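This report refers to the structure that appears directly beneath it.
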Ligand code: CDP
């Protein structure tokens with residue numbers, strides 16, 4: 001059991017990233033957006049004029065990837081969306097990125113979001129969420145994000161791209177997008193970010209022993225990091241180690 005790893009998987013624009021960031025901050029855990037790894041590989045290939053589906057170049061780019069590559073500001077364009085889905089279907093790329101993801105989560109625990117975290121990267125994660133929403137709701141969210149960033153595009157083409165990417169992610173042979181058997185399914189079609197966060201916290205508190213405030217290991221962790229035991233709180237388990245996150 002990867003005691004302090006939370007896996008969050010799901011299709012594009014379902015709200016995984018927002019949820020993962022909030023959970024990580026709240027629990028004082030590091031956060032990794034694993035989609036950025038595939039996006040950064042895709043960006044390298046596009047910049048070098050290679051096809052994103054070229055396995056040799058894609059694997060070479062994945063092996064050479066540096067953590068600073070994830071900080072590039074040009075990783076979230078529709079062009080990179082499509083190229084990332086293409087490189088992500090290449091088994092050698094996934095193999096090259098696997099150890100980095102495992103290493104990130106294994107050291108101190110972490111929240112990771114992606115497509116295969118609960119199925120392949122951390123099948124022993126303490127908690128797994130599969131965050132989803134109707135494709136129309138997801139397309140509208142992504143379109144609004146792009147509008148805000150000043151990227152000119154229309155809703156229909158965002159919807160078409162999203163359907164194509166869903167199909168590619170779900171049908172590929174290597175690590176297809178599929179909920180883990182033990183994942184908690186969170187449908188955010190009719191939820192805002194705050195409601196999704198509250199629902200996830202509630203599920204964690206109910207189902208995952210370690211994240212309950214009365215759990216002995218959590219109590220020890222609080223004592224170790226703060227010198228005090230978790231006190232009673234009407235706000236649930238996360239209040240017990242509030243100093244470690246943003247609350
Ligand atoms: O932000 P959005 O959900 O649109 O995409 P992302 O999470 O940044 O992922 C971009 C692409 O990388 C996805 O369409 C997947 O094909 C791929 N991906 C993957 O295969 N496995 C992951 N763990 C994360 C992303």
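Here the condition is being at negative phi and either loosely packed, with under 14 Cβ neighbours inside 10 Å or not in a helix (DSSP H, G or I) (or both); of 180, 96, 168, 137, it holds for 180 alone.
Those helices (runs of 4 or more DSSP H) of segment 1-92 in which at least 2 residues are modelled with pLDDT of 95 or more and more than 10 Å from the ligand (Cβ to nearest atom), considering only elements entirely within it, cover 16-27, 35-47, 55-64.
Considering each residue of segment 108-118 in turn, at least one proves to be at pLDDT 95 or above, touching a helix residue (DSSP H, G or I) at 6+ places or on another chain (Cβ under 7 Å) and either more than 12 Å from the ligand (Cβ to nearest atom) or more than 25 Å from residue 199 (Cα to Cα) (or both). Pairing each residue of segment 158-183 that is closer than 12 Å to residue 88 by Cβ and within 11 Å of the ligand (Cβ to nearest atom) with any residue that is in a helix (DSSP H, G or I) and at pLDDT 95 or above, provided the two are 6+ apart or on different chains, yields C-beta distances under 6 Å for 174/91; 174/94; 175/94; 175/120.
If you go through segment 140-156 and keep only what is touching a residue at least 60 places away in the same chain (Cβ under 8 Å) and assigned to a helix (DSSP H, G or I), you end up with 141, 142, 145, 146. Each residue in segment 99-116 was checked for being part of a loop (DSSP other than H, G, I, E, B) and within 30 Å of residue 152 (Cα to Cα), and 1 of them qualify. More than 28 Å from residue 141 (Cβ to Cβ), more than 16 Å from the ligand (Cβ to nearest atom), modelled with pLDDT under 90 and over 25 Å from the mean Cα position of the chain (by Cα): is that true of residue 209 in this structure? Answer is no for this residue. When every residue of segment 191-200 is checked against the conditions, at least one turns out to be outside any helix (DSSP H, G or I) and either at pLDDT 90 or above or under 30 Å from residue 90 (Cα atoms) (or both).
The values are calculated or read from the model by the stated rules, or taken from the named source; none is laboratory data. Everything numeric here is computed off the predicted structure, so don't read it as measured data. Cβ sites come from the backbone with ideal geometry, for glycine too, and all protein chains shown count toward neighbours.
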